[in-house]
Amino acid sequence: MKFFRKRPLKHLFILISFYILNLNLAFSHFGGRSYSTWKLKDQKVEASLRIKAFLIRKMRFSDSPKMNLTESLNAYLEEKVVVTKEDEICPLYKRPFSLPLQGGDMVVSFSFQCPKRLNDVSKIKIYFNAFFPFSPQHLHFAEINYLGKRENQYILFSKEKRAYSLQKNE
């Protein structure tokens, strides 16, 4: 105890620094979760994604100091989320648009326009490659409504599984 009496402020500073470092290390591998709902009907694929804002702040989507958090998130998702129909890319119909919600969540909505109308034999594939490069433990849960019928409870996307295929008559 005599050790701490000589310079108490210095030692207090060292203890606080170690505490902050340990907290930072404890949360640096925290993967987090995000959720989305998808509606596939006619030629459109509409998506709404929800993620905690603090997870977005931890991820650096852009090095540009001119882009704010929502702009960089929108641009990032535009690159990392893709939908195909019969192996043909469905282009974005509405670019990602983010809104903050109460409780610290962000919601992003966007939609794709497929070249041909979706039907029972359409093979649709959703590629969700967002957030995993920043946080390998991240999990994304998707709820999919395909032609008015809900798919499984939730579809899980992870670092190992970044795509999901669905076809109505499989």
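Return the residues of the stretch 107-121 that are modelled with pLDDT under 90 and surrounded by fewer than 19 Cβ atoms within 10 Å (Cβ to Cβ); say none if nothing qualifies.
Kept after step one, since they are modelled with pLDDT under 90, are these residues of the stretch 107-121: 115-121.
Residues satisfying the conditions are P115, K116, R117, N119, D120, V121.
Would you tally the residues in the stretch 124-145 being loosely packed, with under 14 Cβ neighbours inside 10 Å and touching a residue at least 24 places away in the same chain (Cβ under 8 Å)?
2
Listed residues L77, L55, L9; which is modelled with pLDDT of 60 or more, of a type in the set (A, V, I, L, M) and within 20 Å of K125 (Cβ to Cβ)?
On inspection, the qualifying residue turns out to be L77.
The values are calculated or read from the model by the stated rules, or taken from the named source; none is laboratory data. As the structure is a prediction and not an experimental result, all values here were calculated from the model. A quick note on method: Cβ atoms are made from the backbone with ideal geometry, for glycine too, and the neighbour counts reach across all protein chains shown.
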